[in-house]
Amino acid sequence: GPVAIVGATVIPMDSERVVENQTVVIESGRIRSMGPTPQIDVTNMRVVDGSGKYLLPALADMHVHHWDLSEAAMYLANGVAVVRNMWGASFHLAAQQLIDRGEVPGPRIITTSPLVDGLGRTGTTLWPDSGFITHPSQAKPLIERHVKQGFSQIKVYQQLTQEALSALGRASQEAGVMMVGHCPDDITYERSIDSGMGCFEHLTGIFTGHLLGGRDPDLDWKDPELFLRSMRTVVEHTDLDAMRKLGALLASRQVWNCPTITVHQGHNPTSEAKDSPLLDYLPRNVRDWWLSPYNAPPEHLRAETETVKGQMVDKHIEVLSILRQQGAPVVLGTDTPNPFVIPGFAIHDEFDNFVAAGFTPFEAIRCATSEAARFVDQSNDWGTIEVGKRADLLLVSDNPLSNVRNLREPSAIFVNGWALLREDLDRLLDDRRDKVNEPPHVAHAELEPKMGTHGAPINQRRFSEHRGGSLSGRVCCHCIPRPDGGQMIEETYSMAGGIQQTFRVFLNSGRRLERAECVTERELGRETTTVDKDRSGYRVTVEGLDGHERTSHLESGHLYPSESFGLRAFADVLKNLDADADEFEVLSITRGDADKTSVSIERTKTDMTTEFNVKIDRTGTPKKQTYRLDNEGQLESMDDLGWVTRKFAADESA
């Protein structure tokens, strides 16, 4: 029913002004009416006392990576009603649908496409499993596919060539969506703007072409000494006049920046950040990652690196100040959950950074409200307090126009048709903390018992998966002989977090792939991938969590199944290879598309086992795995040596 916020001082955010003693009526998630309190009849409405408090539009964090719906508590408790997710998948589109239906409060999700990168010097994308293009002709169909699926912006990454970026920019413009992301490493901001870039993230690449003496900022974090030397070069030789000219260009072309200075601070955390009680709202594996020296420089460089990283943060704040002075459009984002950038809470740290760069509280808040709405072309729907607009509103105790820190710990948030008071928000935070601090639960993977061709039961095999020493998954599988000499392999894979995959893979007598189905079930629903062999190759159909269906086709002869089809199917291929085979081709499913991939193996035999060291030469994202089979050909263990190491071991105790 309708909710009336009575007696509040309204900060509409259409200009720097306040309107005292107002009553705002919300109905069906929209602002139905607003006016002086004595003139508004609130009979039969839920009344929220706003006297002595300030009502403003709720906040938008314009750069997050949001994969866990229970993080909503952290966003809402900090006044965030809208997030822009920066690496999209069908999960985000499905979550977007759930939130838009009002089934959960939010935050509402705007999402970019999956990453679109180029292949670097090593022939890989910068991040595993990114999308990529290798020729400008691939840009248009890729953009059209992402737009058809429902992604709001196209995110590009930093290994793209000038030609590829320009092709993506043209295709994005034709499709009516903005191209956003990282300025590619070998391209200046100016050339990226000419290629159609609509928003730059993190100020990545802004120093290229803007250092005194034509210096080059080669900020390669993989080489600690080069990274330190490059940061020093940026700190000491930034051309501020060139930055002012760039700021004026960004202003005249209305090209946006989302600086996310918090992420630069998070990579050089203070002792206070490491001891923060807010870490209790994060899963243990995330905390362990943040607190581990996963990317620490050598001991002899550590102190100087920390000092120069702090100077780099100051330099980013100085550049942000120049962008403000030149009138360049800016939105506020955090890049959570990078290290020590805590979902929801981090937005207040970024407000402090904006104020340090010279933004008034009004200017800073505008970057997370009305300017954020303008950035995504939704100014007619939210971002200011006006009758008819979305009632995404924030009630705080003290005037944030006097001090932006008054936005911390809001009294209430109204979002997506929900009214959550402080006690509701505290309860949500308690639930989140309790959830992430429970021991991780992994359901047992089970399959219906099956009988073989002669009536004998099929022996089930079970495996446990560990990541970082902790149980993270369980697998149950069995192979059923087919009359033609082939196999039907069934497998279930239960993961922490309640996600379960079920594979059914049909192989012919030569262990080549005939048909397969993979069903992934999670809290938002089901995603199904089916593969069918036809006369000319393989047809792959993916029905995503968001209900979108897409089909691709790979022209090819018979291929073996890759590791994409589960633990047991690929192990069965290795078991049945010719003894002298050291290379073969498999069908991979990469981002929902069929792909032919070369696999090379090295065998090591002992009296008890055969070990297969496997290199999967998948374009963009190669992978290494080690399989160990006993003398009867039964899989004993597998190590997946990817971005995160996973270890599977036989576990018949289950």
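Miscellaneous remarks
- Residue in the range 293-308 that is surrounded by 17 or more Cβ atoms within 10 Å (Cβ to Cβ), within 30 Å of Gly327 (Cβ to Cβ), out of contact with any Pro (no Cβ under 6 Å at 6 or more places or on another chain) and touching a residue at least 12 places away in the same chain (Cβ under 8 Å) present: no
- The requirement of being within 30 Å of Ile322 (Cα to Cα), open to solvent by 10 Å² or more (accessible area, probe 1.4 Å), among the aliphatic types (A, V, I, L, M) and more than 28 Å from the chain's Cα centre (by Cα) is fulfilled nowhere in the range 436-447; no residue meets it.
Yes/no matrix, rows are residues, columns are (1) of a type outside the set (Val, Ile, Thr); (2) within 30 Å of Val147 (Cα to Cα); (3) modelled with pLDDT under 90:
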{"position": "Arg550", "(1), (2), (3)": "yes, yes, no"}
{"position": "His553", "(1), (2), (3)": "yes, yes, no"}
{"position": "Asp572", "(1), (2), (3)": "yes, no, no"}
{"position": "Phe612", "(1), (2), (3)": "yes, no, no"}
{"position": "Thr621", "(1), (2), (3)": "no, yes, yes"}
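Here's the yes/no breakdown for (1) under 15 Å from the mean Cα position of the chain (by Cα); (2) in a loop (DSSP other than H, G, I, E, B); (3) among the small types (Gly, Ala, Ser); (4) at pLDDT 95 or above:
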| site | (1), (2), (3), (4) |
| --- | --- |
| Trp67 | yes, yes, no, no |
| Ala73 | no, no, yes, yes |
| Ala81 | no, no, yes, yes |
| Gly88 | yes, yes, yes, yes |
| His92 | yes, no, no, yes |
| Glu103 | no, yes, no, no |
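- Condition met for Asn44 (over 24 Å from Asp431 (Cα atoms), assigned to a loop (DSSP other than H, G, I, E, B) and out of contact with any Leu (no Cβ under 8 Å at 6 or more places or on another chain)): yes
- Residue within the range 428-435 that is open to solvent by 30 Å² or more (accessible area, probe 1.4 Å), closer than 21 Å to Ala571 by Cα and at pLDDT 85 or above present: no
- Taken residue by residue, the range 471-483 has at least one member that is outside any strand (DSSP E or B), over 27 Å from Asp639 (Cβ atoms) and open to solvent by 30 Å² or more (accessible area, probe 1.4 Å).
- Yes/no for Val235 being more than 20 Å from Arg191 (Cα to Cα), without any contact (Cβ under 8 Å) to a residue 60 or more places away in the chain and either in contact with a helix residue (DSSP H, G or I) (Cβ under 9 Å, 6 or more places away or on another chain) or not in a helix (DSSP H, G or I) (or both): no
- Residue count for the range 83-114 under the criterion of being touching a Leu at 6+ places or on another chain (Cβ under 7 Å) and among the aliphatic types (A, V, I, L, M): the result is 4.
- Any hit, the range 366-377, residues being open to solvent by 40 Å² or more (accessible area, probe 1.4 Å), touching a Gly at 6+ places or on another chain (Cβ under 8 Å) and not in a helix (DSSP H, G or I): no
- The range 258-292, subset among the polar types (S, T, N, Q) and in a loop (DSSP other than H, G, I, E, B), residue nearest to Val644 (Cα to Cα): Ser292
- Screening Asp578, Asp607, Asp595 for residues that are over 27 Å from Arg474 (Cα atoms), open to solvent by 20 Å² or more (accessible area, probe 1.4 Å), at pLDDT below 95 and part of a strand (DSSP E or B) leaves exactly one candidate, Asp595.
- Unmet requirement for Arg618, which otherwise passes all of (1) closer than 25 Å to Ser637 by Cβ; (2) touching a residue at least 24 places away in the same chain (Cβ under 8 Å); (3) touching a helix residue (DSSP H, G or I) at 6+ places or on another chain (Cβ under 9 Å): (3)
- Some residue of the range 260-271 being without any contact (Cβ under 8 Å) to a residue 60 or more places away in the chain and surrounded by fewer than 16 Cβ atoms within 10 Å (Cβ to Cβ): yes
- Check on Thr604, over 32 Å from the mean Cα position of the chain (by Cα) and in contact (Cβ under 8 Å) with a residue 12 or more places away in the chain: no
- Qualifying residues in the range 494-505 (those that are part of a strand (DSSP E or B) and more than 19 Å from Arg515 (Cβ to Cβ)) - the one least open to solvent (accessible area, probe 1.4 Å): Ser494
- Filter pass, Arg390 being open to solvent by 30 Å² or more (accessible area, probe 1.4 Å) and farther than 19 Å from Ser51 by Cβ: yes
- Candidates Thr43, Thr23: the one that is among the hydroxyl-bearing types (Ser, Thr, Tyr), more than 39 Å from the chain's Cα centre (by Cα) and either within 20 Å of Leu421 (Cα to Cα) or open to solvent by 70 Å² or more (accessible area, probe 1.4 Å) (or both) is Thr43.
- Those residues of the range 110-151 which are aromatic (Phe, Trp, Tyr) and surrounded by fewer than 21 Cβ atoms within 10 Å (Cβ to Cβ), in sequence order: Trp127
The values are calculated or read from the model by the stated rules, or taken from the named source; none is laboratory data. This structure is a prediction, so every number in the text was calculated from the model and none was measured. Neighbour counts are summed over all protein chains in view; Cβ atoms, including those assigned to glycine, are modelled from backbone coordinates with ideal geometry. Each accessible area value is taken on the protein alone, full model and side chains, heavy atoms only, with ligands, DNA and RNA left out. Shrake-Rupley method; radii C 1.70, N 1.55, O 1.52, S 1.80 Å.
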